[in-house]
Every structure is written in C-alpha cells, then in structure tokens.
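The values are calculated or read from the model by the stated rules, or taken from the named source; none is laboratory data. Only a predicted model underlies this, so the values are computations on that prediction, with no experimental measurement involved. We place every Cβ from the backbone using ideal geometry, glycine too, and count neighbours over all the protein chains shown. Side chains included, ligands, DNA and RNA excluded: accessible areas come from the protein's heavy atoms. Shrake-Rupley method; radii C 1.70, N 1.55, O 1.52, S 1.80 Å.
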Amino acid sequence: MISALALIALALPGAAAAAVDNPCEGPEAKRLLCPNLRIAPPSEIYVQKLGGQVLLRATSDVQSRGRGPMELHGTRNGPRSMRVNQRIYRAGGGHITVPTEARLRFTTVGTYFGGSYWKVHQLANFELRRVGPDGTVGDVVRTSPKLNYCLRDLYRTRAGRHSPPGRVYPGCNQNPYRDHVKLGTSVGWSDIYPAAYHQQWIDVAGLRGCFAYRMIVDPQEHLFESNESDNMSQRLVHLPYRGKPGC
Ligand SMILES: [Ca+2]
Ligand SMILES: [Ca+2]
C-alpha cells in the first residue's frame, strides 16, 4: 500500500532532472569523437597592486585535446542566459546531441577587451592552496572571481590527425539579441586568456609562504569529456611573490 506521503512525493517534479550519463564513458564511447579539455599550468604570473588588493595574475590556456571538438549550442532561456546542448560527432559521420547543465551568460569584460560576449558560465576557476613543508597540498585559501569564458579557436597549439589546420570556431558572439549561438574549440587548438584579462587573478593580500596556484577547467563537471580527471594543473608560488614561480 502506498502512503499519502509517497503519493505526494511521486507527484512532485524532481528538484533537478536526472543527470545524463556521460556518453564518452559508456559503451558507445568508442564510436564517438569525444572531446577532452585540459588546462595548462598558470603562466606569465605577475602581481598587480590595486588599493588594498594584491592581484596575482596569470595567463590561462584551455586546450582541446580529445578526438573531436568541444562544441556547444546555446538556446536562450533568459535575458542574459542560454541553456546548453553539447554536440558530439560520431566516428562514422553524424552526431549526437546531449543536454548539459552548463549555461551561457552574456558577460561584460570591459571595453578594453571588446565589451560583452556569450560565454560559458564558470568554464574555469583558479584557486590557491597552502603547501606544507613536506609538499602536502592543503585546503583552498583563496579563489578567483567566477570565470566565464568563451570556447574558441585562438591558437593551434598541437597539430595532429584530428586537428583542423584552420579555425572552425573563430570567435564568440557579441549580439545580446540572439536566440541561438554556437561555440567550440577544435582538437589541437587552445583558447588563451592573458594575465591582464578581466578577472584573471586571485587576491593574495596578506598571504605568506608556499602555495599551489591551481587552474581547473569545467570545475562543475557540466561538459562531457573522454577524460574527466585531467582538468587541473598547478604551479607553486612563494608569497609575497618574488617575480618567478617556485617555492
Ligand atoms: Ca578533461
Ligand atoms: Ca567535464
């Protein structure tokens, strides 16, 4: 016999749709050209002092390193927001479309960097962890602001069989009135943001000692990849910063 409480529970829609299984880890995976994102260790690190803040800035390099591109299709679901389907190409032609929990946001990065773009909400984040005398990496002590990035083909950083020689995803859409946008990064290509870019920092004011400066791509694990466990890189930095990495 079903209790009244159970009936109520059955009638309520789920708080969130059941997460879709990663097709790049299932039995179909070998017939798919699955993408894989990685991120290079932070580079071109420098300090910018701004009022009471000490901004440790670094260049990030999101690399597309799978058998197929990371390709996302956004469909508007709010004034500055789109929901996201991921397209994964099949080895023999055609593709599958997988709904994701990722979102695009129409993001303002300041006039110097071109104004506003449709970007993937929280595609990356940076964090700082304390490193003990024995090299043990501890808890997070500071994080970057939320980093919204486009995916695009900026530089071809690794040529290879699956890597197109020219740009397929040239840039990110800047039209706030669009109802649909496509963005992606091709195999062998990178989307790079310079250390001077909007929000490309961690505030390290008041910190002393040895820290690990970590960069993580797709930290919320919203995008489907052939390898979900290679999305972090790090470099050790001594604070106050002495002009080059290492402790
Ligand atoms: Ca990955
Ligand atoms: Ca992922």
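Couple of notes before you dig in:
- Pair list, Cβ < 7 Å and 6+ apart or interchain, from segment 220-236 residues that are farther than 12 Å from residue 22 by Cβ to residues that are more than 8 Å from ligand 2 (Cβ to nearest atom) and among the small types (Gly, Ala, Ser): 233/40; 234/212; 236/212; 236/246
- Some residue of segment 18-33 being away from ligand 2 (no atom under 16 Å from the Cβ), open to solvent by less than 20 Å² (accessible area, probe 1.4 Å) and at pLDDT 95 or above: no
- On inspection, residue 202 passes the criterion of being more than 16 Å from ligand 2 (Cβ to nearest atom), more than 17 Å from residue 63 (Cα to Cα) and either in a strand (DSSP E or B) or touching a Pro at 6+ places or on another chain (Cβ under 8 Å) (or both).
- Residues of segment 80-134 that turn out to be assigned to a strand (DSSP E or B), open to solvent by 40 Å² or more (accessible area, probe 1.4 Å) and among the acidic types (Asp, Glu), as a count: 1
- Test result for residue 155, surrounded by fewer than 19 Cβ atoms within 10 Å (Cβ to Cβ), out of contact with any helix residue (DSSP H, G or I) (no Cβ under 6 Å at 6 or more places or on another chain) and of a type in the set (Phe, Trp, Tyr): yes
- Test: residue 110 is at positive phi, modelled with pLDDT of 95 or more and away from ligand 1 (no atom under 16 Å from the Cβ): no
- All positions within segment 67-79 that are over 15 Å from the mean Cα position of the chain (by Cα) and open to solvent by 10 Å² or more (accessible area, probe 1.4 Å): 67, 73, 75, 76, 77, 78, 79
- Among the residues examined, residue 163 does not qualify as more than 26 Å from residue 48 (Cα to Cα), more than 13 Å from the chain's Cα centre (by Cα) and within 16 Å of ligand 2 (Cβ to nearest atom).
- Residue 191 fulfils the conditions (1) part of a loop (DSSP other than H, G, I, E, B); (2) within 16 Å of ligand 2 (Cβ to nearest atom) except for a single criterion, (1).
- Of the criteria (1) open to solvent by 30 Å² or more (accessible area, probe 1.4 Å); (2) touching a residue at least 12 places away in the same chain (Cβ under 8 Å); (3) in a strand (DSSP E or B); (4) more than 30 Å from residue 26 (Cβ to Cβ), which one residue 49 fails: (2)
- Segment 205-218 - residue that is open to solvent by 10 Å² or more (accessible area, probe 1.4 Å) and assigned to a strand (DSSP E or B) and, of those, farthest from ligand 2 (Cβ to nearest atom): 209
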